[in-house]
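Okay, so here's the structure we're looking at.
The values are calculated or read from the model by the stated rules, or taken from the named source; none is laboratory data. Everything quoted here is computed from the prediction, not taken from an experiment. Every residue, glycine as well, gets a Cβ built from its backbone with ideal geometry; the counts of neighbours run over all protein chains shown.
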Amino acid sequence: MTAARQGWTPSERQLERQAVRRRLRLRSALVATLATVVVVGLLVVVVTSSPGWPTFKETFLSWDDARAALPTIWEGFGKNVLMFLVAEPLILVLGALVAIARSTHAPALFPVRALAVVYTDVFRGIPTILLVFVFCFGVPALQLQGVTNSLMWLGVTALVLSYGAYVAEVFRAGIESVHPSQVASADALGLSSTQSMRYVVLPQAVRRVVPPLLNDFVSLQKDTALIGAVGVFEALFAARDYANFNFNYTPYLVTAVFFIVLTVPLARFTDWLGRRYARRERAGAR
C-alpha cells in the first residue's frame, strides 16, 4: 500500500530537507562541471601552445591518414574481437577447473593439486608477450603431428593459458570466501563433496567474482594486440604497417579509439556490477 493511499503526506521539515538535498546535489554537479571544464581547458591550452604541437598534429592527428588506414584497421580489429570471443569462454572453463582442483582435499588428488599450483605459479610468472613468442615460434619448431601451426591460434592458446592462471586465482578466492557453514549445511542435507561444490559453493563464488573477472576480460581484449608482435594481422599490426610505409602515426590513435570504444562500456558495466553487489551486501548485513 502506497503512502498516498494511507493518507500520509510529508511534513514541512521533510519537504525542506528534500529541497536542501536537491540544492546540494545541483551545486555539486555545477562545481564538478566547472572544475572539469577548467582542467580540460588548461590541458588543451598547454598542449596546443607547446612548440612541437604543429609537428605532433601533422604526425598523429592527420585526418587524411586516418581515413586511409581506417578500412585496414577495421578489418584487423575484427580479428582482435574474434580472438577475444574464442579465448574468453576457454579461460573461464580452464580457470574454474584449476580453482576447483586447488580446492580439493582428498589425499588421492594431491598430484592434481600440485599440478594446479605449478601451473598458476609458472604461467602467472611469465610475461604474456613472452608466452606468445614461446608458443608461436616454439611449437611450430617441434613439428608435432596434428598440432596447428597457425600463429593466430597459437597466440590465442598462449593468452588462454596466461589468463587462465589469473582467473583460476580469482575463482579460488571466490570459493574460499564462501562461509564454511554453507558446506556444513550441504553435508547435513546429504550432499556429496562434488554436489556441494556444484550446487552450493560455486554459485555463490561466481556471483562474488564477476566484477574482477570482467576486469580481467577488459585486459584480455587489449592484450589480443600482443599477437600482432609475431606477425598476425590484427588492428595494431595494420596500424604499424601503415605507419612504417607512410611515416605517419595517426593509425595508432585510430586503433586506440577502437579499443577504447570496446573496453570502456565493459569497464563501466563492471563498476555498475561492483556497486550493485556492494549494495546487496550492505542490505543483507542490516
Residues within region 123-154 that are within 22 Å of residue 171 (Cα to Cα) and exposed (fewer than 12 other Cβ atoms within 10 Å of the Cβ), tallied: 2
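Residue-wise test of (1) free of Cβ contacts under 8 Å to residues at least 40 places away in the same chain; (2) farther than 30 Å from residue 134 by Cα.
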| position | (1), (2) |
| --- | --- |
| 150 | yes, no |
| 166 | no, no |
| 183 | yes, yes |
| 186 | yes, yes |
| 190 | yes, yes |
| 195 | yes, yes |
Residues (within 30 Å of residue 205 (Cα to Cα) and aromatic (Phe, Trp, Tyr)) located in region 132-171: 163, 166, 171
Given (1) surrounded by fewer than 18 Cβ atoms within 10 Å (Cβ to Cβ); (2) among the aliphatic types (A, V, I, L, M); (3) farther than 26 Å from residue 183 by Cβ, index of the condition residue 97 fails: (3)
Residue check, residue 266 aliphatic (A, V, I, L, M) and either more than 24 Å from residue 127 (Cβ to Cβ) or surrounded by 18 or more Cβ atoms within 10 Å (Cβ to Cβ) (or both): no
Complete set of residues in region 172-209 that are touching a Leu at 6+ places or on another chain (Cβ under 8 Å) and surrounded by fewer than 16 Cβ atoms within 10 Å (Cβ to Cβ): 199
Residue 62 vs. criteria among the polar types (S, T, N, Q), in contact (Cβ under 8 Å) with a residue 24 or more places away in the chain and within 30 Å of residue 243 (Cα to Cα): yes
Of residues in region 71-94 being closer than 17 Å to residue 165 by Cα and without any contact (Cβ under 8 Å) to a residue 40 or more places away in the chain, the one surrounded by the most Cβ atoms within 10 Å (Cβ to Cβ): 93
Identity of the residue in region 210-231, among the polar types (S, T, N, Q) and free of Cβ contacts under 8 Å to residues at least 60 places away in the same chain, that ends up surrounded by the most Cβ atoms within 10 Å (Cβ to Cβ): 215
Options 195, 143: the member that is in contact with a helix residue (DSSP H, G or I) (Cβ under 9 Å, 6 or more places away or on another chain), at pLDDT below 90 and of a type outside the set (A, V, I, L, M): 195
Identity of the residue in region 38-70, surrounded by 14 or more Cβ atoms within 10 Å (Cβ to Cβ) and of a type in the set (S, T, N, Q), that ends up farthest from residue 249 (Cα to Cα): 62
Helices (runs of 4 or more DSSP H) completely within region 97-201 that count 3 or more residues being over 17 Å from residue 83 (Cβ atoms) and more than 26 Å from the chain's Cα centre (by Cα): 110-125, 139-142, 180-188, 193-196
